[in-house]
Amino acid sequence: MKILITGTAGFIGFHLAKKLLERGDEVVGIDNINDYYDVNIKYARLKELGISNKTVIETLPIASSKYKNHKFIKMNLEDTQAINNLFEIEKFDAVCNLAAQAGVRYSIENPHAYIQSNVVGFLNILEACRNFGVKNLAYASSSSVYGLNKSQPFKTTDMTDTPISLYAATKKSNELMAHTYSHLYGIQTTGLRFFTVYGPWGRPDMAPMLFADAILHDRAIKVFNHGEMSRDFTYIDDIVDGVIKVIDTPAKKFDIYNIGNNSPVELMKFIATLEEELGIEAKKEFLPMQDGDVESTYADVSGLIENFGYKPDTRLDVGVEKFVKWYKSFYGNHK
């Protein structure tokens, strides 16, 4: 299968591309490599895929030195002409749209970036699928669409009309746009509401990386809502397994799934597990809840279980151990 993955310099996109390449799929990756967080880790991920940062030039395809069935192009989703040209040339069997301006809190500071990347960019992907005959589209949504919903675990049948960040609002808009294109043009769209993903090569702006960096450098970690929070922490391998299942078996028309661990972890337990693995007790600064944040996330993944046999089974201690091993290795070599 020939698959376009948008966001291959990102956390999930990188892992997905690697897994698909290793099983023999042809993967074209695109990413704009923006500086929302440290670009060095983005280039390091690409290097793992055989793409040298010395050869990355805007809109020119680069062949991987590691995988004969992979190439990468630096490209913005909102560049309509470049996206159309890419689809016309490559003739994809499937698309997995993971590129987006990420981050709940940053959307409060820089709202325009979210509309351009997450709404205009996603429209370009939908239009390209329509115009160039791609019927199989999987795309990233987010657990943040549940907003102020108090009922847990979160079910895909729950109302999602109360987002509390612009990021969440853009992800909800993606679901509505996908539904429209499925209805009008027969594109088989599958939206995946990701819950808190962690593991090797993770995002530096997310809690596991922020905590590890602070603990190892003797700084206090910021513990919001005074630690009274829980998250459905999901190890990256379990996430990628679920994404591949929906790419391989596209929706009959339009589907939405939660993809998470189906087992929320208290924030203080996650911190304790990280402390134990690092062998250091964290200094903690307890703070009130941040704007745009929620107390708890908990995924009902019964849809993926019933339709695909999905089984997120990486224990927290195992996942944190793998994350810490990678973190020490990566940052020990990239000082």
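The values are calculated or read from the model by the stated rules, or taken from the named source; none is laboratory data. Quantities reported herein were computed from a predicted structural model and do not represent experimental measurements. Backbone-built Cβ (ideal geometry, glycine too); neighbour counts: all protein chains shown. To get the accessible areas, we keep the full protein, side chains included, count just its heavy atoms, and leave off ligands, DNA and RNA. Shrake-Rupley method; radii C 1.70, N 1.55, O 1.52, S 1.80 Å.
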Which whole-angstrom value gives the distance between the alpha carbon centres of region 261-335 and region 149-172? 21
Taking a cut-off of 17 Å between Cα atoms, list the aspartates and glutamates near Lys269, but don't count ones fewer than 8 places away on the same chain. Glu228, Asp232, Glu277, Glu281, Glu285, Glu295, Asp317, Glu321
So who's got an amide H within less than 5 Å of the one on Asn136, skipping anything under 5 residues away but keeping other chains? H placed 1.01 Å off N, in plane. Val95, Gln188
Going by average Cβ neighbours within 10 Å, how do the peptides 270-282, 229-241 rank, with the highest at the top? 229-241, 270-282
What does the charge count near Ile30 come to, summing +1 for each Lys or Arg and -1 for each Asp or Glu among other residues with Cβ under 15 Å from its Cβ? -2
Taking Ile41, Ile89 and ranking on accessible area (1.4 Å, protein atoms only), highest first, one gets Ile89, Ile41
Distant-in-sequence amide H partners of Ile51 (H built 1.01 Å from N, under 5 Å): Ser65
Note, region 28-35: 3J(HN,Hα) by Karplus (6.51, -1.76, 1.60, θ = phi - 60°), whole Hz, Gly/Pro = x, goes 9, x, 10, 6, 8, 6, 6, 9
Cut-off 11 Å between beta-carbons: net charge of the residues surrounding Phe87, Lys and Arg +1, Asp and Glu -1: -1
In degrees, nearest ten, helix 316-333 long axis to first principal axis of the chain (Cα): 80
For region 1-31 and region 201-234, what is the separation of their Cα centres, given in Å? 27
In the chain the DSSP beta bridges are antiparallel at a rate, in percent to nearest 5, of 10
Considering only protein heavy atoms, what is the solvent-accessible area of Lys283 at a probe of 1.4 Å, reported in Å² to the nearest 10? 100
What's the angle, to the nearest 10 degrees (0 to 90), between helix 39-48's Cα axis and the longest principal axis of the chain? 60
Which value at 222 nm does the chain reach when only helices count, each DSSP H run of 4 or more adding -39,500 (n - 2.57), with the total divided by all residues and rounded to the nearest 500 deg cm²/dmol? -12000 deg cm²/dmol
Accessible area of the chain with a 1.4 Å probe: how many percent of it is carbon plus sulfur? 50
What lysines sit close enough to Lys172 to cross-link, taking a C-alpha to C-alpha distance under 20 Å and skipping anything fewer than 8 places away on the same chain? Lys150, Lys155, Lys253
For the chain, the longest principal axis of the Cα atoms and the Cα long axis of helix 166-185 enclose an angle in degrees, to the nearest 10, of 30
Keeping all protein chains in place, calculate the accessible area per residue for the chain (probe 1.4 angstrom), answer in Å². 44
Most to least packed among 243-250, 312-319 [average Cβ atoms within 10 Å]: 243-250, 312-319
By per-residue mean of other Cβ atoms within 10 Å, what is the highest-first order of 253-263, 62-72? 253-263, 62-72
Amide H to amide H under 5 Å from Val197: which residues, 5+ apart in sequence or cross-chain, H placed 1.01 Å off N in plane? Thr234
